[in-house]
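The values are calculated or read from the model by the stated rules, or taken from the named source; none is laboratory data. On a predicted model such as this, the values are computed, not experimentally measured, just so you know. Here the Cβ positions follow ideal geometry from the backbone for every residue, glycine too, while neighbour counts run over all protein chains shown.
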Amino acid sequence: MSSAQIEIQIIASLVAIACAIPGTFLVLRKMAMISDAISHSILPGIVIGFFITQDLNSPLLILLAAITGVITVVLVEYIQKTGLVKEDTAIGLVFPVLFSIGVIMIAKNANDIHLDIDAVLLGELAFAPFDRLLISGIDVGPKSLWIIGSILIITIALLFAFFKELKLSTFDKGLAASLGFSPVVIHYGLMTVSSITTVGAFDAVGAILVVALMIAPAAAAYLLTTNLKKMLILSIVFGVFSAISGYWFAHWLDASIAGSITTMLGLLFLMVYLFAPSKGIIAVIYREKQQRIEVSLLTFLLHLKNHDDQRERHVNHLNEHINWQKVRSKTVLELAMKNNMILINNNIVSLTPKGDKFTTQAIDYIITNEDAQIEGMKEDFFLFRG
Amino acid sequence: MKNNIAVQIDDLTVAYNYKPVLWDIDLEIPEGVLMAIVGPNGAGKSTLIKSILGILKPIAGSVTIYGKSYKEQRSLVAYVPQKGSVDWDFPTTALDVVMMGTYGSLGWIKRPRQKEKKAALEALEKVGMLPFKNRQISQLSGGQQQRIFLARALVQDASIYFMDEPFQGVDATTEIAIINILKELRKAGKTVIVVHHDLQTVPEYFDWVTFLNVKKIATGPVKDIFNDDNLTKTYGINYKVSIQE
């Protein structure tokens, strides 16, 4: 691996981490689309900053772009507050206007500046190692590494300092306000960090793909854990994994690095979406199938409990009495046998004491809907796992 | 006997988009009462609580808690929002939600430690939810979620408790458990203010009541003012309830 290759992978990984942290909170606050808005509408900020400094990595440019990002949020909220349009409409109205102002500014001055639309949309990660930071003549590494590194350190410091406040105001805005943690301050703090991170990441992956790095890792992590800290760590791991595997995918295909990273993010999310242990699609389908069988079992046991008449409990009559198809009856019968809930004597089915107790408990639960009784049964049956 | 005024509201007017939701409310809530706020949908019951707690900004009027502004008396007040106001799919546990009640006394930046955790566990015990402390909150039933919210308020160890429809969507067992805890709070000298929907249970659960419908209709002891006349004035239809003594 050449040093340029290593530098690109480090930059991509730092960008991924810096995006995953605010991204996690955006996903939990159901504000994923605001990151899309910010990533596009910071363009005029970047262009104006570039006009002034002639340097894509200048701190002034980052500041101007971040301000444009916050202005976007303010505008969206203002339009929404009038009650005339919904939030998604407001987002759709604000960011294209700001973005197009940036596009026009670039087009009008295309001859004077080295800033083209392709780079803005997709980033130029491959060129990042060529723009070096020189301190009194000594090369200390690529400029974008220093920029995203600084942004990341600030983000992590803020996360550690205000983790409690972020969690509280994300979960329960009303309580946060009543306890004196202004949700407005926290909201705009998060928006500012998101804007600054977007600018820092912009150079590497471009306006369109920043959104993927913010949202996809957090969305995948959300499906895998019920713990906020673990969700943050998983988002970071997913982000870094996609950054590095995306780089090599691009290397192999000789294609856009940003495009490859995003493709990896998409694949990663798809895998988690399908195979996540409890929230994944396959697990959900399996659970629903289990529940159907369990409801059938309960219906069957209840039938046995309610009928003493031997005719009603004869194996051959059960099908017509409960009105099921043979396959289903067989599955249910086997499940009941396996759990020692029924006995079959001379083709007459009857409940065992265990089956009788289970049926009584289950019916009690369904009638009273009281939670206390259900706790002991949850382990045995999907049906009651809510 | 009830001399101290816990909450004093003067000329409070609150508006959404220039439409008044609460109009010129004057209200004194004496210390140590268990008070229901009743009124039809849209009467401004939740708005009243949110305005007292500084979550909404009134366009006129003032609120004081024991004679001082809410900001100064924040530590004396605990709040239970409507259960539906939060996302129960949030990745966190029952214990963690109860710990949030301690954040107010911690202030900015400081993290909860063993002392806060111990207080949270005690509060969980009081509402009978200790066995569920590590359960993810979406895995709890509606009644259990409400108990977690109650525990979160208890952990604040406040003097005044505001609760927004704590009985909404809970089973009978939980309702009894909650009202017993509220009565214990009153016994301990606390003031408890509850937005309540079930008129039938007002005489049984509460000793003080405020009728609200944009304006304040009446406030006082349940035995004196909980009658058909005030109910009719509040709900706008000819209301008849049989009050069981």
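A few comments on the model shown:
- Test set (1) crowded, with 23+ Cβ neighbours inside 10 Å; (2) at the interface with another protein chain (Cβ under 9 Å from one of its Cβ atoms) - B:PRO131 fails condition number: (1)
Matching residues to (1) in the same structural domain as A:ALA221 (by TED's automatic domain parsing); (2) over 30 Å from A:MET1 (Cβ atoms); (3) out of contact with any helix residue (DSSP H, G or I) (no Cβ under 8 Å at 6 or more places or on another chain):
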residue: A:TRP248; (1), (2), (3): yes, no, yes
residue: A:THR263; (1), (2), (3): yes, no, no
residue: A:LEU297; (1), (2), (3): no, yes, no
residue: A:ASP308; (1), (2), (3): no, yes, yes
residue: A:TRP324; (1), (2), (3): no, yes, no
residue: A:THR331; (1), (2), (3): no, yes, no
residue: A:ASN340; (1), (2), (3): no, yes, no
residue: A:ASN347; (1), (2), (3): no, yes, no
residue: A:THR359; (1), (2), (3): no, yes, no
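- Answer residue from the stretch B:210-226, given it is surrounded by fewer than 20 Cβ atoms within 10 Å (Cβ to Cβ) and basic (Lys, Arg) and is nearest to B:GLY44 (Cα to Cα) among those: B:LYS215
- Residue check, B:ILE176 surrounded by 17 or more Cβ atoms within 10 Å (Cβ to Cβ) and either within 19 Å of the chain's Cα centre (by Cα) or among the charged types (D, E, K, R) (or both): no
- Considering (1) within 10 Å of chain A (Cβ to nearest Cβ); (2) within 23 Å of the chain's Cα centre (by Cα); (3) without any contact (Cβ under 8 Å) to a residue 12 or more places away in the chain, the lone condition that B:GLU125 does not fulfil carries the number (1).
- Matching residues in the stretch B:47-56 - criterion: being touching a residue at least 24 places away in the same chain (Cβ under 8 Å) and touching a helix residue (DSSP H, G or I) at 6+ places or on another chain (Cβ under 9 Å): B:ILE52, B:LEU53, B:LEU56
- In a residue-by-residue description of the stretch A:272-287, the property of being away from chain B (no Cβ under 14 Å), farther than 28 Å from B:LYS133 by Cβ and in contact (Cβ under 8 Å) with a residue 60 or more places away in the chain applies to no position.
- Checklist (1) under 30 Å from A:LEU134 (Cβ atoms); (2) among the hydrophobic types (A, V, I, L, M, F, W, C); (3) part of a helix (DSSP H, G or I) applied to A:LEU56, failing item: (3)
- From the list A:ALA204, A:ALA176, A:ALA161, the one residue that fits, being at the interface with chain B (Cβ under 7 Å from one of its Cβ atoms) and either closer than 12 Å to A:PRO22 by Cα or assigned to a helix (DSSP H, G or I) (or both), is A:ALA161.
- Consider the stretch A:124-150 and keep the residues that are in a helix (DSSP H, G or I) and touching a Ser or Thr at 6+ places or on another chain (Cβ under 8 Å). The one that is surrounded by the fewest Cβ atoms within 10 Å (Cβ to Cβ) is A:PRO129.
- Note on the stretch B:135-154: residues that are under 28 Å from B:THR191 (Cβ atoms), within 9 Å of another protein chain (Cβ to nearest Cβ) and of a type in the set (S, T, N, Q) amount to 1.
- Checked against the criterion of being within 8 Å of chain A (Cβ to nearest Cβ), under 25 Å from B:ILE160 (Cβ atoms) and outside any helix (DSSP H, G or I), the stretch B:89-101 has no qualifying residue.
- Considering residues of the stretch A:227-262 that are without any contact (Cβ under 8 Å) to a residue 60 or more places away in the chain and crowded, with 20+ Cβ neighbours inside 10 Å only, the residue farthest from the other protein chains (Cβ to nearest Cβ): A:ALA250
- Flag for B:LYS216 being closer than 19 Å to B:GLY128 by Cβ, of a type in the set (Lys, Arg) and either part of a strand (DSSP E or B) or in contact (Cβ under 8 Å) with a residue 12 or more places away in the chain (or both): no
- The stretch B:102-111, residues that are more than 7 Å from chain A (Cβ to nearest Cβ) and either surrounded by fewer than 15 Cβ atoms within 10 Å (Cβ to Cβ) or more than 25 Å from the chain's Cα centre (by Cα) (or both): B:GLY107, B:LYS110
- Entry remark, the stretch B:112-122: residues being assigned to a helix (DSSP H, G or I) and either in contact (Cβ under 8 Å) with a residue 40 or more places away in the chain or at the interface with another protein chain (Cβ under 9 Å from one of its Cβ atoms) (or both) number 0 in total.
- Within the stretch B:56-70, being under 18 Å from the mean Cα position of the chain (by Cα) and within 14 Å of chain A (Cβ to nearest Cβ) holds for B:LEU56, B:VAL63, B:ILE65, B:TYR70.
- Selection within the stretch A:179-198: residues that are buried (at least 18 other Cβ atoms within 10 Å of the Cβ) and in contact (Cβ under 8 Å) with a residue 60 or more places away in the chain. The member of this set that is farthest from the other protein chains (Cβ to nearest Cβ) is A:THR198.
- Residue in the stretch B:72-83 that is of a type in the set (S, T, N, Q), facing chain A (nearest Cβ under 9 Å) and on the phi > 0 side of the Ramachandran plot present: no
- Of all the criteria given as (1) surrounded by fewer than 23 Cβ atoms within 10 Å (Cβ to Cβ); (2) more than 12 Å from the chain's Cα centre (by Cα); (3) at pLDDT below 95, the one not satisfied by A:ALA207 is (1).
- Test: residue in the stretch B:187-194 that is within 11 Å of chain A (Cβ to nearest Cβ), without any contact (Cβ under 8 Å) to a residue 12 or more places away in the chain and part of a helix (DSSP H, G or I): no
- Test: residue in the stretch A:211-231 that is on the phi < 0 side of the Ramachandran plot, small (Gly, Ala, Ser) and at pLDDT below 95: yes
- Of the strands (runs of 3 or more DSSP E) lying entirely inside the stretch B:16-80, those carrying at least 1 residues that are over 21 Å from B:HIS196 (Cβ atoms) are B:19-30, B:60-65.
- Put simply, of B:PHE162, B:PHE149 the only residue that is within 13 Å of the chain's Cα centre (by Cα) and in a helix (DSSP H, G or I) is B:PHE149.
- A single member of A:LEU134, A:LEU121 is under 30 Å from A:TRP248 (Cα atoms), free of Cβ contacts under 8 Å to residues at least 12 places away in the same chain, out of contact with any Lys or Arg (no Cβ under 8 Å at 6 or more places or on another chain) and away from every other protein chain (no Cβ under 14 Å), and it is A:LEU134.
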